[in-house]
Amino acid sequence: MDRIAITGGARLNGAIPISGAKNSAIKLMAASLLTEQPLRLTNMPRLADTRFLGELLRGLGVSVTEQDGADGTETVLHAAEITSTFAPYDLVRQMRASFNVLGPLLARTGHARVSLPGGCTIGARPVDLHLQALSALGAVIELEEGYVSAQAPKGLRGAEITFPFVSVGATEHALLAAVLAQGVTVLHNAAREPEIGDLAHCLNAMGARVEGIDTPTLTITGVGSLSGADWSVIPDRIEAGTYATAAAMTGGDVTLTKMRPALLTALTAKLREAGVTVDETPDGLRIRRDGGRLQPVDVTTEVYPGFATDLQAQFMALMTLAEGESVISETIFENRFMHVPELMRLGADITVHGGEARVRGVEALHGAEVMATDLRASVSLVIAGLAAEGETTIGRVYHLDRGFERLEEKLGACGAEVRRLKGYEDGH
Ligand SMILES: CC(=O)N[C@H]1[C@@H](OP(=O)(O)OP(=O)(O)OC[C@H]2O[C@@H](n3ccc(=O)[nH]c3=O)[C@H](O)[C@@H]2O)O[C@H](CO)[C@@H](O)[C@@H]1O
Ligand SMILES: C=C(OP(=O)(O)O)C(=O)O
């Protein structure tokens with residue numbers, strides 16, 4: 001198992017190009033199941049998650065080819081024929097979003113058997129809303145031995161669905177199924193994360209009829225079939241937010257390119273409050289902080305456009321060096337503070353009560369051996385390690401590889417000392 005070693009103390013200076021969004025790319029890949037024509041995705045990130053999903057899709061009969069194109073890396077997915085409707089545990093457990101092949105398989109073939117999902121262990125993460133939505137669309141669903149078996153021999157039918165609370169995955173899943181259902185589906189209290197808009201626009205480019213994109217009510221008029229399309233994946237706002245936080249943490253001057261600042265306003269408002277200078281550039285953001293302590297800032301995670309839970313761990317790392325106490329409240333997932341004990345190993349002063357973490361800023365962090373526990377938690381340790389005095393080593397970096405493309409290279413280009421140590425046995 002690889003580790004990451006960081007020698008802290010260097011200020012980040014330079015430019016970091018932002019990759020395509022993981023959380024959009026993997027849903028777009030699942031959309032390829034809806035058409036017998038090729039779907040060409042550009043600005044694709046090369047990540048463990050996109051590799052896993054590519055493998056799963058190949059097992060269902062999809063031809064998946066990756067190459068370097070004019071607009072970054074591209075992937076062509078061609079589901080000319082679905083040869084299997086079975087998604088096994090070994091592949092689905094690695095990544096939660098792979099569960100979202102169920103809806104498209106069902107919509108295209110009328111049946112599917114898909115393992116219950118895995119993903120980051122940041123909470124119980126049931127899929128009840130996904131299954132309720134598919135049932136409302138007319139699927140007959142059975143749960144057996146960790147698998148969901150779904151049947152819709154006469155096809156799916158449009159329905160009015162009101163989500164009791166906002167779920168990104170359930171909204172996307174219902175959307176992926178409803179585009180080929182007969183009649184009109186209305187999704188009330190839908191999630192509005194930009195990656196859902198990206199998926200909906202791509203589906204429309206494939207011939208779907210989705211209205212209300214980026215609002216809490218999506219209206220989907222089912223069509224008989226979808227065609228292929230060319231689609232460029234939206235920039236990764238979480239990757240951008242992560243590097244913005246890293247620049248702020250090290251007191252550097254970093255320009256993020258190939259991104260959309262409008263997707264990150266909840267974070268940039270908090271960075272400004274903390275005393276960081278944030279300026280918009282033609283295709284991104286310049287993040288600067290020179291000297292002086294950071295100011296403490298409270299943050300509560302919310303659904304989009306609120307402060308993203310996927311940036312909570314990174315912002316907490318930043319606040320460990322603030323001049324005073326900040327309160328970080330996590331409202332989306334019930335177990336998303338696993339980075340706290342690891343940050344404390346680096347010298348942070350944090351106490352957690354329920355969904356609330358009180359971070360009392362310290363003057364300096366000190367390098368230590370720490371363990372990545374989930375994707376965003378692991379990158380919060382990288383951020384802390386960059387600012388810590390001395391050497392930090394992070395184990396279980398496979399979490400990091402799920403969602404950050406060429407992390408060492410991107411940080412290294414800005415002067416960070418980040419190395420990958422290959423094949424280390426961490427004994428866990
Ligand atoms: C691959 C992907 O895009 N992952 C993102 C997605 O996860 P994901 O789609 O899993 O997140 P959801 O928005 O569905 O989850 C929100 C909350 O709803 C609960 N819930 C969800 C579905 C359900 O059927 N029942 C239920 O109780 C979850 O346990 C969680 O507490 O959105 C999260 C919230 O922005 C992000 O942190 C993840 O990075
Ligand atoms: C939690 C995440 O991913 P997943 O939903 O796949 O576990 C994430 O991207 O931060």
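Evaluate the following for A384: is it modelled with pLDDT of 95 or more, closer than 17 Å to M319 by Cβ, more than 24 Å from the chain's Cα centre (by Cα) and of a type outside the set (V, I, T)? Reasoning before the result, please.
Numbers: modelled with pLDDT of 95 or more: yes; closer than 17 Å to M319 by Cβ: yes; more than 24 Å from the chain's Cα centre (by Cα): no; of a type outside the set (V, I, T): yes.
So A384 fails the test.
Of the listed requirements (1) of a type in the set (S, T, Y); (2) out of contact with any Leu (no Cβ under 7 Å at 6 or more places or on another chain); (3) farther than 25 Å from M44 by Cα, T250 misses just one: (2). The criterion of being more than 13 Å from ligand 1 (Cβ to nearest atom), in contact (Cβ under 8 Å) with a residue 24 or more places away in the chain and either open to solvent by 30 Å² or more (accessible area, probe 1.4 Å) or among the acidic types (D, E) (or both) does not hold for E330. Applying a threshold of 8 Å to beta carbon distances and a minimum spacing of six or more residues, or different chains, the list of pairs starting in segment 292-308 at a residue that is over 23 Å from G169 (Cβ atoms) and open to solvent by 20 Å² or more (accessible area, probe 1.4 Å) and ending at one that is assigned to a strand (DSSP E or B) and not hydroxyl-bearing (S, T, Y) reads R293/A322; Q295/A322; P296/A322; P296/E325; P296/V359; D298/V327; D298/I328.
Annotation for segment 287-304: no member residue is among the polar types (S, T, N, Q) and within 30 Å of G110 (Cβ to Cβ).
Return the residue satisfying two criteria in turn: it lies in segment 160-177 and is surrounded by fewer than 19 Cβ atoms within 10 Å (Cβ to Cβ) and touching a strand residue (DSSP E or B) at 6+ places or on another chain (Cβ under 8 Å), and of such residues it is farthest from R192 (Cα to Cα).
Keep residues of segment 160-177 that are surrounded by fewer than 19 Cβ atoms within 10 Å (Cβ to Cβ), which gives 160, 162-166.
Restricting the remaining residues to those that are touching a strand residue (DSSP E or B) at 6+ places or on another chain (Cβ under 8 Å) gives 160, 162-163.
Details: E160: 18, T162: 14, F163: 13 Å.
Among them, the one singled out is E160.
So, in segment 5-30, how many residues would count as being within 16 Å of ligand 1 (Cβ to nearest atom) and either more than 17 Å from the chain's Cα centre (by Cα) or assigned to a loop (DSSP other than H, G, I, E, B) (or both)? Write out each step before concluding.
The first filter runs over segment 5-30 and keeps only residues within 16 Å of ligand 1 (Cβ to nearest atom), leaving 19-30.
Narrowing the set further to residues that are either more than 17 Å from the chain's Cα centre (by Cα) or assigned to a loop (DSSP other than H, G, I, E, B) (or both) leaves 19, 21.
Summing the residues that are within 16 Å of ligand 1 (Cβ to nearest atom) and either more than 17 Å from the chain's Cα centre (by Cα) or assigned to a loop (DSSP other than H, G, I, E, B) (or both) in segment 5-30 gives 2.
Under 26 Å from T393 (Cα atoms), touching a Phe, Trp or Tyr at 6+ places or on another chain (Cβ under 7 Å) and at pLDDT below 95, is that true of D49?
Working: under 26 Å from T393 (Cα atoms): yes; touching a Phe, Trp or Tyr at 6+ places or on another chain (Cβ under 7 Å): no; at pLDDT below 95: yes.
Here the answer is no, as D49 does not meet what is asked.
Taking segment 231-286 as the search range and keeping residues that are assigned to a helix (DSSP H, G or I), over 17 Å from the mean Cα position of the chain (by Cα) and basic (K, R), which one is surrounded by the most Cβ atoms within 10 Å (Cβ to Cβ)? Ranking the candidates gives K270 first.
I'd like to verify a number: residues in segment 2-34 that are open to solvent by less than 20 Å² (accessible area, probe 1.4 Å) and out of contact with any helix residue (DSSP H, G or I) (no Cβ under 8 Å at 6 or more places or on another chain), how many? Counting residues in segment 2-34 that are open to solvent by less than 20 Å² (accessible area, probe 1.4 Å) and out of contact with any helix residue (DSSP H, G or I) (no Cβ under 8 Å at 6 or more places or on another chain) gives 2.
The values are calculated or read from the model by the stated rules, or taken from the named source; none is laboratory data. Just so we're clear, the structure is a prediction, and the values are computed from it rather than from any experiment. For neighbour counting, all protein chains shown are included, and Cβ atoms are generated from backbone atoms with ideal geometry for every residue, glycine included. To get the accessible areas, we keep the full protein, side chains included, count just its heavy atoms, and leave off ligands, DNA and RNA. Shrake-Rupley method; radii C 1.70, N 1.55, O 1.52, S 1.80 Å.
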